[in-house]
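The values are calculated or read from the model by the stated rules, or taken from the named source; none is laboratory data. Just so it is clear, the structure is predicted and the values come from calculations on it, not from any experiment. Neighbour counts are summed over all protein chains in view; Cβ atoms, including those assigned to glycine, are modelled from backbone coordinates with ideal geometry.
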Amino acid sequence: MGIREATYHYHVKNFWKEDPDTELKELITRLFKKFHERYGYKRITTELKKLGHSINHKKVYRMMRELGLKCVKFIRKSRKYNSYKGHIGKVAKNRLSRRFSTPIPFQKIVTDITEFKCLDDGKLYLNPMLDLCNGEIVAFGINKRPTLHLVMEPLKETVEILKTRATYRTTNIHSDQGWHYQHNQWVRTLKENNIFQSMSRKATCADNALMENFFGILKQEMYYGEALVSYEELKGRIEEYIYWYNNERSKARLAG
C-alpha cells in the first residue's frame, strides 16, 4: 500500500474508536445553521467561547473543513445606488473627515441609500441610519422608489430617539451629496433639531466607508446568491436581518 508498517497498525488500532470531537462537531454544525451559514470559522470560534468552550480557531477551521461547512456568502461585490444629481441645494462640509470611531452613542451617525432588485424588474431602496459608536442601525426606511419620504421618515425617527437617549450635546449626521441630503426639508430638519450636517466629497465613497461596509455585509449575507423574491418578501427579510444584526450578530470590534 506504500505506507509504513507503524502507520498501518496505528490506523487499524484507532479505526473503531469513536471520534472524541463528535459532540463538538455537532455543536459547530448547529451554530453554523443557526447563523444562516453566514459565519466563518473565526466567528464560530467566538460563539463557542461564549458557550464556555476553550478552543483554538485553527481546530475549529480544521473541523469545519472536515464537515464541509464553508461560508460562501462573501463572493460578490456590492452594487451602489447613485443619488447624485448635481448641486440642487447647499453642500455641507465634511465634518467627519473619516474619523469614524467614537465612544459616545449618537455623536456620529452615517446614512446612505442602496438598491436591491426584486422579481418582475421591481426595485427596493433602503436608507439606514447607523451609529458609529457601536454599529447599531438606529432607524431605517424602505420604499419602492428613492423618494424624499425614504430619507425623511428615518431622520424623524432618529430625532425622536435622540431626544430620549442621547447623552452628548451635539450629533453629526453624515451622508453623501445625494439630492435627498441637499433638499431643503432635510437641511431644515437638521437645523431645527441642532444637528450638524456633514457630507462626503463627490465621488469619494471612502468618506462614508462604514456605511458602505454595512451595505456590503447585508447584501453578502442575505441577498447575493439567493433567488430574487417579491418586494414584500425582500422587505420582510431585510427587516428581520437588521433586527438580527442589531441584537444577535457578533462584532469583533465589540469583543464578540
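Only residues that are basic (Lys, Arg) and touching a Ser or Thr at 6+ places or on another chain (Cβ under 8 Å): list them for segment 1-49, please. If you could, list the steps in order and put the result at the bottom.
We begin by selecting, within segment 1-49, every residue basic (Lys, Arg); these are 4, 13, 17, 25, 30, 33-34, 38, 42-43, 49.
Arg43 - this is the single residue of segment 1-49 that is basic (Lys, Arg) and touching a Ser or Thr at 6+ places or on another chain (Cβ under 8 Å).
Report yes if Thr164 is part of a helix (DSSP H, G or I), β-branched (Val, Ile, Thr), loosely packed, with under 15 Cβ neighbours inside 10 Å and out of contact with any helix residue (DSSP H, G or I) (no Cβ under 7 Å at 6 or more places or on another chain), otherwise no.
On the way: part of a helix (DSSP H, G or I): yes; β-branched (Val, Ile, Thr): yes; loosely packed, with under 15 Cβ neighbours inside 10 Å: yes; out of contact with any helix residue (DSSP H, G or I) (no Cβ under 7 Å at 6 or more places or on another chain): yes.
Yes; evaluated as a whole, the condition is true for this residue.
Name every residue in segment 134-157 that is of a type outside the set (A, V, I, L, M), touching a residue at least 60 places away in the same chain (Cβ under 8 Å) and either under 20 Å from Glu212 (Cβ atoms) or surrounded by 15 or more Cβ atoms within 10 Å (Cβ to Cβ) (or both), in order of residue number. Reasoning before the result, please.
Taking segment 134-157 and keeping what is of a type outside the set (A, V, I, L, M), we get 134-136, 140-141, 143-147, 149, 153-154, 156-157.
Applying the additional criterion that residues be touching a residue at least 60 places away in the same chain (Cβ under 8 Å) yields 134-136, 140, 144, 146.
Across segment 134-157, the qualifying residues are Asn134, Gly135, Glu136, Phe140, Pro146.
Hey, Asn184 hits all of (1) surrounded by 13 or more Cβ atoms within 10 Å (Cβ to Cβ); (2) in contact (Cβ under 8 Å) with a residue 60 or more places away in the chain but one; which does it fall short on?
Asn184 satisfies all of (1) surrounded by 13 or more Cβ atoms within 10 Å (Cβ to Cβ); (2) in contact (Cβ under 8 Å) with a residue 60 or more places away in the chain except (1).
Give me a count of the residues in segment 23-69 that are surrounded by 12 or more Cβ atoms within 10 Å (Cβ to Cβ) and not in a helix (DSSP H, G or I).
Of the residues in segment 23-69, 9 are surrounded by 12 or more Cβ atoms within 10 Å (Cβ to Cβ) and not in a helix (DSSP H, G or I).
Among the numbered criteria (1) of a type outside the set (A, V, I, L, M, F, W, C); (2) touching a Ser or Thr at 6+ places or on another chain (Cβ under 7 Å); (3) on the phi > 0 side of the Ramachandran plot, which one does Asp176 miss?
Looking at each condition in turn, Asp176 falls short on (3).
If I ask for residues that are free of Cβ contacts under 8 Å to residues at least 40 places away in the same chain and either in a loop (DSSP other than H, G, I, E, B) or among the hydrophobic types (A, V, I, L, M, F, W, C) (or both), which ones from segment 205-217 would you list?
So in segment 205-217, the residues free of Cβ contacts under 8 Å to residues at least 40 places away in the same chain come out as 213, 217.
Within segment 205-217, Ile217 is the sole residue that qualifies.
When segment 76-128 is examined, which residues are found to be among the aliphatic types (A, V, I, L, M) and either closer than 30 Å to Ser230 by Cα or modelled with pLDDT of 95 or more (or both)? Before the answer, list the steps.
Our first condition is that a residue be among the aliphatic types (A, V, I, L, M); within segment 76-128, this holds for 88, 91-92, 96, 104, 109-110, 113, 119, 124, 126.
Hits for segment 76-128 are Ile109, Val110, Ile113, Leu119, Leu124, Leu126.
Could you pull out the residue among Leu124, Leu130 that is over 26 Å from Ala255 (Cβ atoms), assigned by TED's automatic domain parsing to the domain that holds Ser198 and out of contact with any Pro (no Cβ under 8 Å at 6 or more places or on another chain)? Give the derivation first.
Numbers: Leu130 fails: over 26 Å from Ala255 (Cβ atoms).
Checking each option against the conditions leaves just Leu124.
Can you name the residue in segment 218-256 that is assigned to a helix (DSSP H, G or I) and acidic (Asp, Glu) and is also nearest to Lys70 (Cα to Cα) among such residues? Give the steps one after another, and end with the answer.
Initially, segment 218-256 is screened for residues assigned to a helix (DSSP H, G or I), giving 218-222, 231-247, 252-254.
Add one more test, that the residue is acidic (Asp, Glu), and what stays is 221, 232-233, 239-240.
Working: Glu221: 13, Glu232: 30, Glu233: 26, Glu239: 25, Glu240: 23 Å.
That would be Glu221.
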